[in-house]
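Encoded as structure tokens, the structure appears first; notes follow it.
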Amino acid sequence: MAWLRELLNGASESLPYRVAGILLLLYAQPLVKVVTLETSIVNDGASGMTISLGQRPTEVPEPFAQLLREHVANCPNLRTGAGPDSPWLFPSTLAGRRLHPNTVMDRLRELGVNLLGARNRAIGELVLEVPPSLVADALGYSTQAAFLHANKAAEPWARYAGRSITSS
């Protein structure tokens with residue numbers, strides 16, 4: 001929660017890296033995938049903003065929607081050869097290219113974000129709230145991976161229930 005608060009409100013990092021970090025923390029998206037996203041996956045309509053990370057569009061909550069809106073409207077590095085026609089949500093300073101995942105990873109690690117732990121925690125929380133198959137469809141995970149995270153997230157409770165039954 002502290003990392004999410006910092007990325008939403010803080011000034012410790014530039015907007016593109018904040019948006020990439022929030023995609024990791026809210027939607028359990030690996031940064032290797034985040035840097036390959038195109039602006040076309042963001043839909044900002046009258047009924048709100050959605051982002052298509054998997055088979056179905058997923059709602060983007062405020063205040064992240066406002067940050068994403070600002071990022072899309074003011075994407076950096078558009079003075080390269082591709083200019084404003086660049087399809088990338090995270091364009092590079094090199095014409096027609098996107099940011100390298102290591103660049104984003106290094107910046108977030110400098111803030112103290114545990115990348116793998118944050119992603120696993122995010123998907124673990126999501127599969128506790130929503131059926132794993134829906135999480136998989138919405139976020140672009142395989143159903144097997146989503147169910148694996150659901151089993152791991154519920155594991156302590158399963159052991160707890162097992163002990164209380166056998167000790168009775």
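Throughout, read-outs are computed from the coordinates displayed, never taken from laboratory work. Owing to the predicted nature of the structure, the values given are computational and were not obtained by experimental measurement. Note that each Cβ is placed from the backbone with ideal geometry, even for glycine, and that neighbours are counted across all protein chains shown.
The angle between the Cα long axis of helix 143-166 and the longest principal axis of the Cα atoms of the chain comes to about 30 degrees, rounded to the nearest 10. Measuring between their Cα centroids, the stretch 98-115 and the stretch 3-74 lie 15 Å from each other.
Once both labels are positioned 7 Å from their Cα atoms along Cα-to-Cβ, the gap between Asn9 and Asp85 label points is 4.3 nm. Using helices alone, I'd like the mean residue ellipticity at 222 nm for the chain: each DSSP H run of four-plus residues gives -39500 (n - 2.57), total over residue count, nearest 500. Calculated at 222 nm, the ellipticity per residue is -17000 deg cm²/dmol. Model label sites at Glu59 and Val72, defined 7 Å from Cα along the beta-carbon direction, differ in position by 1.7 nm. Our estimate of slack between Glu125 and Ala2, defined as 0.36 nm per intervening residue step minus the Cα-Cα distance, is 42.7 nm. When each of the peptides 58-69, 132-143 is scored by how many other beta carbons lie within 10 Å of its residues on average, the order from highest to lowest is 132-143, 58-69. Scan (i) -1.02, -1.05, -1.16; (ii) -0.57, -0.68, -1.05; (iii) -0.66, -0.76, -1.06 for the value of log10 I(q)/I(0) by the Debye sum over Cα atoms at q = 0.13, 0.14, 0.17 Å⁻¹ calculated from this model and give just the label. Step by step, log10 I(q)/I(0) by the Debye sum over Cα atoms at q = 0.13, 0.14, 0.17 Å⁻¹ for this structure corresponds to label (iii). Going from the residue with the fewest nearby Cβ atoms within 10 Å to the one with the most, His71, His100 rank His100, His71.
Quick check on packing: order 1-9, 19-27 by the mean number of other C-beta atoms within 10 Å, highest mean leading. Please report the intermediate quantities before stating the final value.
On the way: 1-9: 14.4, 19-27: 23.6.
The most tightly packed comes first, giving 19-27, 1-9.
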